Amino acid sequence: MVEIPYVLQSAFPLVWVLVAVFGALIRTRHSPSRQAALETWQRWWAVAALGCGSLWLTIAFLTVPDVMATAIGFNRTPFEFEIAFANLGLAVMGFRAASPSATARERITVGLGTGMFLWGAVIGHVYQWFANGDHAPGNTGGVLVCDLLFPAVMIILARRSRRLPIAEQPATAALA
């Protein structure tokens with residue numbers, strides 16, 4: 001039987017995805033253009049999913065490293081401190097990508113940089129899952145979904161906004 005605490009722990013990272021999606025959906029109900037809607041989606045994704053999600057991990061790995069190590073399925077090592085600051089870097093990039101002055105190219109770059117870290121983490125999580133039977137809530141489940149989606153959605157949204165005709169792209173000041 002599946003324990004509720006395990007399911008909640010495993011699914012918790014998806015909170016950041018839900019915040020980004022619902023925030024963007026609410027905010028784009030009356031968007032004046034497709035480009036304005038894409039801009040809103042990019043900002044919500046950058047600030048809620050990538051920025052706040054990574055900042056939450058920074059704080060968690062710094063304040064309760066033993067809990068985080070256990071959640072991943074490992075004993076505590078200096079790794080938790082390093083992961084905290086790697087996530088702080090991702091948070092800073094996410095908040096920068098949410099800026100009104102951030103370009104699609106910059107957001108693609110943030111997505112790619114984030115992807116190098118998070119997609120590498122996915123490989124590590126899946127390896128630990130199959131090689132060592134690590135089914136800890138911080139190794140499988142929601143963390144895998146977030147590690148895949150955070151950078152991928154950032155890249156996809158930014159690429160879509162670059163492909164819109166110039167005439168359809170509003171001035172940045174109009175979005176504020």
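Taken together, the values in this text are just the output of simple stated rules run on the coordinates, not laboratory data. The model shown is predicted, which means the values in this text are computed figures rather than measured ones. Virtual Cβ from ideal backbone geometry, glycine too; neighbours counted across all protein chains shown.
Annotations for the structure displayed:
- Kirkwood analysis of the Cα pair distances in segment 52-93 returns a hydrodynamic radius of 9.9 Å.
- Peptides ranked, highest mean first, by Cβ atoms within 10 Å: ranges 140-153, 29-42: 140-153, 29-42
- Furthest towards positive pole of dipole, Leu57, Gly89, Gly113, structure part segment 54-167, Cβ charges: Gly113
- Calculated from backbone phi, Karplus (6.51, -1.76, 1.60) coupling profile of segment 15-28 in Hz, x at Gly/Pro: 4, 5, 5, 5, 4, 5, 5, 5, x, 5, 4, 5, 5, 9
- Check: the chain dipole with +1 on Lys, Arg Cβ and -1 on Asp, Glu Cβ, in debye: 900
- Separation of alpha-carbon centers, segment 104-147 and segment 4-72, rounded to whole Å: 15
- Cα Rg, Dmax, segment 96-165, angstrom units: 14.8, 50
- Here is the tail figure for segment 30-176: Cα pairs spaced more than 20 Å apart come to 50 percent of all pairs.
- Taking label points 7 Å from Cα along the Cα-to-Cβ direction, Phe85 and Thr103 give a separation of 3.1 nm.
- Each Lys or Arg adds one and each Asp or Glu takes one away; over the other residues whose Cβ falls under 9 Å from the Cβ of Pro100, this sums to 0.
- Mean Cβ count within 10 Å, highest first, over the residues of peptides 14-21, 125-132: 14-21, 125-132
- Of Gly23, Gly133, Gly111, the one that fluctuates the most in a GNM where the chain has Cα springs shorter than 10 Å: Gly133
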